[in-house]
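Structure first, commentary second.
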Amino acid sequence: MKHLISIDDLSKDEIIGILDKAEDFEDVALGLRSCKILEGKILANLFFEPSTRTRISFETAMKRLGGEVVNVSAQEASSMAKGETLADTVRVISNYCDAIVIRHFLEGAARFAAENSSVPVINAGDGAGQHPTQTLLDLYTIRKECRRLEGLTIALVGDLKYSRTIHSLIKALKLFKNKIYLVSPEILALPEEFLEELDGNAEKAKLEDIIESVDVLYVTRIQKERFLDEEEYRRVAGSYRITPEIVSRMKDGAIILHPLPRVDEIDVRVDSMRQARYFKQAFYGVPVRMAILSEVML
Ligand code: CP
């Protein structure tokens, strides 16, 4: 059974294979071509944390490919509110469907769900852990917009401590040869375990020192919901912001990505600048998730 829990579950060749497949699905994602390869299949979306992009792009991907979706959107709306365990919930739901997409507030929950499921499980984000489908769409966006996945200078900006999109992306980036800068307030620095993954191929930097050299500026929101201490959050809230003045220093062809949602870390005036690709990045979630669903269901 093909679960997708961590980006480490995929080899470099498998990642490239999914990106290539997503490329083939782009016209289907745009509604320009019909391709009902998942007709008769059912996907269960099991979300215990809020989501706009991941949940809806999985649902769109499934429906564009002819399949159907059942949604369990909150603990309160399922029998978990009566005390049913996650293990029992997954055991039951996996008998109703052909694959499960799960988002949970606890790191490790998706792996635990996979151990209790009779169908493939896809991790749509587990606490501050992993978000592998986001990573695949991030790589897809970089390859589309920069025309390559290697030889780039990539700055990871913002909440490197709690952002699961960063933790996941770092695991994938170690497979490709790029220069990586880590830009964050000190209390949101990348945890040591991820620094070790990068094996000396990343360095901490100040945005003003490197902005002219980056090809990809990957910005993240401060993950307010992961802070145990409200005071710690207040100390960093609003401490960085990408403005048009900063963006105007970026070189030709450089791009800005963000997994979204954005709060205030990218000024809305940047949205109309040629470097802003984060809404396009969100669209690419559909063809990439089509490729993932076809991989695990067929
Ligand atoms: N990027 C991302 O995971 O967005 P959602 O939280 O809206 O799914």
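The values are calculated or read from the model by the stated rules, or taken from the named source; none is laboratory data. Every value quoted in this text rests on a predicted model; they were computed, and no experiment measured them. Cβ: placed from backbone, ideal geometry, glycine included. Neighbour counts: every protein chain shown. Note: accessible area is taken over every heavy atom of the protein model, side chains too, but ligands, DNA and RNA are not part of it. Shrake-Rupley method; radii C 1.70, N 1.55, O 1.52, S 1.80 Å.
Here is the size of the stretch 56-154 from its Cα atoms: Rg then Dmax, 16.1, 53 Å. In sequence order, the stretch 146-154 has phi-based couplings of 9, 6, 6, 10, 10, x, 10, 9, 10 Hz under the Karplus curve 6.51 cos²θ - 1.76 cosθ + 1.60, θ = phi - 60°, and Gly or Pro positions carry x. Working from Cα pairs under 8 Å separated by at least six residues, relative contact order for the stretch 141-194 is 44 percent. Once all protein chains are placed together, Tyr162 keeps about 40 Å² accessible to a 1.4 angstrom probe. What number comes out for the charge environment of Arg241, summing +1 per Lys or Arg and -1 per Asp or Glu over other residues with Cβ under 9 Å away? Counting the neighbours of Arg241, the net charge comes to -3.
Just tell me which lysines come within less than 18 Å, Cα to Cα, of Lys177; anything on the same chain fewer than 8 places away is out. Answer for Lys177, where 18 Å is the Cα cut-off: Lys12, Lys144, Lys204, listed by chain and number. Using equal-weight Cα scatterers in the Debye expression, the normalised intensity of the stretch 132-282 in log10 at q = 0.10 Å⁻¹ is -0.31.
Stokes-Einstein diffusion coefficient for the stretch 221-298 at 37 °C in a medium of 0.692 mPa s, Rh from the Kirkwood formula over Cα pairs: what value in µm²/s? Once the numbers are plugged in, D ends up at 220 µm²/s.
Rolling a 1.4 Å probe over the protein heavy atoms gives the chain an accessible area of 43 Å² per residue. The Cα center of the stretch 182-251 and the Cα center of the stretch 58-84 differ in position by 34 Å.
Under the convention that each Lys and Arg Cβ holds +1 and each Asp and Glu Cβ holds -1, the size of the dipole of the stretch 132-282 around its Cα centre is about 720 debye. For Arg91, the solvent-accessible surface computed with a 1.4 Å probe is close to 110 Å², ligands and nucleic acids excluded.
When the charge dipole of the chain is built from unit charges on Cβ atoms (+1 for Lys and Arg, -1 for Asp and Glu) and taken about the Cα centre, the candidate among Asn178, Met250, Met62 whose Cα reaches farthest toward its positive end is Met62. Each of Glu84, Glu59 has its accessible area taken with a 1.4 Å probe; listed largest first, they run Glu84, Glu59. Phi angles of the stretch 110-124 translate, via the Karplus equation with coefficients 6.51, -1.76, 1.60 and θ = phi - 60°, into HN-Hα couplings of 5, 4, 4, 4, 4, 5, 10, 10, 9, 10, x, 10, 10, 7, 9 Hz per residue; Gly and Pro are given as x. Shape of the stretch 1-132 from the C-alpha gyration tensor: prolate (a/c of 1.5 or more and a/b above b/c, with a ≥ b ≥ c the square roots of its eigenvalues). Taking θ as phi - 60° and the Karplus parameters 6.51, -1.76 and 1.60, the scalar couplings of the stretch 229-234 work out to 10, 4, 5, 4, 4, 4 Hz in sequence order, x denoting glycine and proline. State, as an integer percentage, the relative contact order of the chain based on alpha-carbon contacts under 8 Å between residues 6 or more apart. Relative contact order, the chain: 21 percent. Each principal axis of the Cα cloud of the chain was evaluated for its coordinate range; sorted largest first, these ranges are 54, 46, 36 Å. For Lys204, nonlocal amide neighbours, meaning residues 5 or more places apart or on other chains whose placed amide H falls under 5 Å from its own, are Leu182.
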